[in-house]
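Throughout, read-outs are computed from the coordinates displayed, never taken from laboratory work. A quick note: this is a predicted structure, and the numbers were derived from the prediction, not measured. Cβ coordinates were reconstructed from backbone atoms using ideal geometry, including for glycine residues, and neighbour counts include every protein chain displayed.
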Amino acid sequence: MRGIVFSMLLCALFLGCRTNESPEGQVDDLQITAQVKSKLASDIGISSVTNISVNSTNGVVTLSGQVDSVDIKTKAEAAAKSVSKVVQVVDTLQVIPKTAQSANGL
């Protein structure tokens with residue numbers, strides 16, 4: 001029984017680690033994420049950034065969340081692409097105009 005519990009804990013530990021990246025790569029991704037968030041705040045404004053999630057893995061930045069317009073979505077993708085060490089941007093942002101958000105109680 002102890003062997004099974006130990007094996008399960010070991011699996012959980014390894015699944016929680018990003019083994020596909022070196023420690024240096026993980027640091028790079030953290031820096032990329034911080035730089036993208038900073039660039040988003042300066043280029044499109046703090047109020048829009050609060051609805052955008054940024055994730056970086058191996059230099060691939062994923063943007064997700066909701067924005068008010070296609071213009072903001074385009075600016076967000078351009079801002080992310082402009083950060084050094086970004087190799088690709090995956091933009092999954094959804095455009096939901098403010099009037100629709102207000103009507104839905106968002």
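Just a few scattered comments:
- Spin-label proximity, GLN94 to the range 61-75 - amide N less than 14 Å from point 7 Å beyond Cα toward beta carbon: 64-69
- Cα-projected label distance for GLN31 with SER82, points at 7 Å along beta-carbon direction, nm: 2.0 nm
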